[in-house]
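Take a look at the structure below.
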Amino acid sequence: MLSAQSAGPANTRAGITALKACVLIRVRPGRHQPVAEKIARLPGIKDAFPVMGTADIVARLEVKNLKALTALGTKIGNLQDVITTETLVAAEAE
């Protein structure tokens, strides 16, 4: 899904730059939906859904800085049934 805005850091309502990223998540067999639902409820997550391919779930997120991204990525990686994660940080395009 593409938007008219830059794929990288975005302006939030308060005018503060936010960091956008996607997390590719592998989970134990049969745990796609429950883990996606759990991830979707975490603060900073815009969307989380099961997919087919090398990843089992994709989570789209927006946080205020790298420290917040690290904390959220760690929280996702520590969830029960999560095997691995890979974080893809949006590149700023101008």
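Brief remarks follow.
- Only a single criterion out of (1) more than 16 Å from ALA18 (Cα to Cα); (2) in contact (Cβ under 8 Å) with a residue 40 or more places away in the chain is not satisfied by MET52, namely (2).
- Residues that are of a type in the set (A, V, I, L, M, F, W, C) and in contact with a Leu (Cβ under 9 Å, 6 or more places away or on another chain) within region 57-78 comprise ILE57, VAL58, ALA59, LEU61, VAL63, LEU66, ALA68, LEU69, LEU72, ILE76, listed in sequence order.
- Of the strands (runs of 3 or more DSSP E) contained entirely in region 4-85, those carrying at least 3 residues that are at pLDDT 95 or above, surrounded by 18 or more Cβ atoms within 10 Å (Cβ to Cβ) and not basic (Lys, Arg) fall at 17-27, 57-63.
- Selection status of THR70, more than 13 Å from ALA21 (Cβ to Cβ), free of Cβ contacts under 8 Å to residues at least 60 places away in the same chain and not aliphatic (A, V, I, L, M): no
The values are calculated or read from the model by the stated rules, or taken from the named source; none is laboratory data. The model shown is predicted, which means the values in this text are computed figures rather than measured ones. Positions of Cβ are generated from backbone atoms using ideal geometry, with glycine treated the same way; all protein chains shown enter the neighbour counts.
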